[in-house]
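The values are calculated or read from the model by the stated rules, or taken from the named source; none is laboratory data. Computed from a predicted model, the values in this text were never measured in an experiment. Here the Cβ positions follow ideal geometry from the backbone for every residue, glycine too, while neighbour counts run over all protein chains shown. Accessible surface areas use protein heavy atoms only, side chains included; no ligands, DNA or RNA. Shrake-Rupley method; radii C 1.70, N 1.55, O 1.52, S 1.80 Å.
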Amino acid sequence: QWSGTLNIAGNRSKVLALSGDIEDPANPGVYRFGNTVLKIGEPVGLLYGRVFKKILATQAEVDAYSQSSPGYYPYLGIGDASYEVVENYMGYQGFTYFKDDIIGKAEPKYYGGYTNRLSYKSFSLTTLTTFSYGNDIYYLADIRNRDVAERTNKGIRILDRWTPENPTATRPRLIMGESSYAYAASDNVYDASFIKLKSVTLAYQFPKTFTDRLKINSVSAYVSGTNLLSITNYPGVDPEVSNDPYSLIGGYSDAGGYPFVRQFSFGLRIGL
């Protein structure tokens, strides 16, 4: 026998109103909460921050960005990140500042799972595959990797940073002792779509002649594994982790939490 069950779901939300007590005075209809934002007319789960443009590749780009950006960069150079700016910020004529905008959407477009069951004589094989498509996560480890003001451990992604020998890198260069160039920005937001082999269980049902001798109704043996395989382009350890899984508007950041544990088990089921 072969049987399967597929389910696909997708949430659709829309913010209709905000309390005047929490609205951003500079942006009516907007409430910012850390790296996320609630915005009237938009869904929940919006990631918010600076808009990454590119890695500065030439001295001419460095000079132009130094003149147009509002930040103070004593060591700005080739290999640093650049961000979009907005003129006349908050209505102040001639005042330029970094542009904050929606940089990701944390709600998946679709998610679900597929359960597959194969049985042959006394054997059965059951698998569960889960998936999520179209959701983003803010990867906080990128920020920590760019903070080299302290001697803390870093992830291996810093090995792919910009250097003169690696000019096509997508991660900016590092300067010992500096941390001021690390921002909540779109270059730290990643697609967290995934397909996971969530569980596999192989079972064997002992024949009735065997159980009759033991004077019991049934006996089955099984071996099972969970969290066996993940297929994803997300750079973190697990696209399902969250710094606050119980938050409706602030649980879309990965602070480097532990992934779901891979487990293996075996046992007997005895029916008296």
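Quick notes
- GNM result for the chain, Cα springs below 10 Å: residue of Tyr190, Tyr31, Tyr73 fluctuating most strongly: Tyr73
- Farthest positive-ward along the chain dipole, Cα basis, beta-carbon charges - from Ser220, Phe98, Asn7: Ser220
- Solvent-accessible area, 1.4 Å probe, carbon plus sulfur percent, for the chain: 56
- Ile137 accessible area, 1.4 Å probe, all protein chains in place, Å² to nearest 10: 10
- Magnitude of the charge dipole, the range 201-272, Cβ model with Lys/Arg +1 and Asp/Glu -1, debye to 20: 680
- Length, then width, then depth: along the principal axes, the Cα atoms of the range 224-272 run 49, 24, 14 Å.
- Accessible surface comparison of Asp147, Asp191, probe 1.4 Å, protein chains only, largest first: the order is Asp191, Asp147.
- For the chain, the pair-distance distribution built from all alpha carbon pairs, in bins 5 Å wide starting at 0, is 1, 5, 9, 12, 13, 12, 11, 9, 7, 5, 4, 4, 3, 2, 1, 1, 0, 0, 0 percent.
- Solvent-accessible surface (1.4 Å probe) assigned to Ser265 amounts to roughly 50 Å².
- Taken along its principal axes, the alpha carbon cloud of the range 29-156 reaches lengths of 77, 40, 27 Å, longest axis first.
- Rotationally averaged projected area of the range 22-99 (alpha carbon convex hull; nm²): 6.4
- Of Ile158, Ile231, the order by accessible heavy-atom surface (1.4 Å probe, DNA, RNA and ligands excluded), from most exposed downward, is Ile231, Ile158.
- Amide proton proximity set for Ile102, modelled H, under 5 Å, gap of 5+: none
- Gaussian network model of the chain, springs between alpha carbon atoms under 10 Å - residue of Tyr110, Tyr92, Tyr133 with greatest fluctuation: Tyr92
- What the chain shows is 61 Å² of accessible area per residue, with the surface traced by a 1.4 Å probe over protein heavy atoms.
- Exposure of Ser122 as accessible area (Å², to 10), given a probe of 1.4 Å and all protein chains: 40
- Candidates Ala149, Ala57, Ala185: whichever shows maximal mean-square fluctuation once the chain is modelled as a Gaussian network with Cα springs under 10 Å: Ala149
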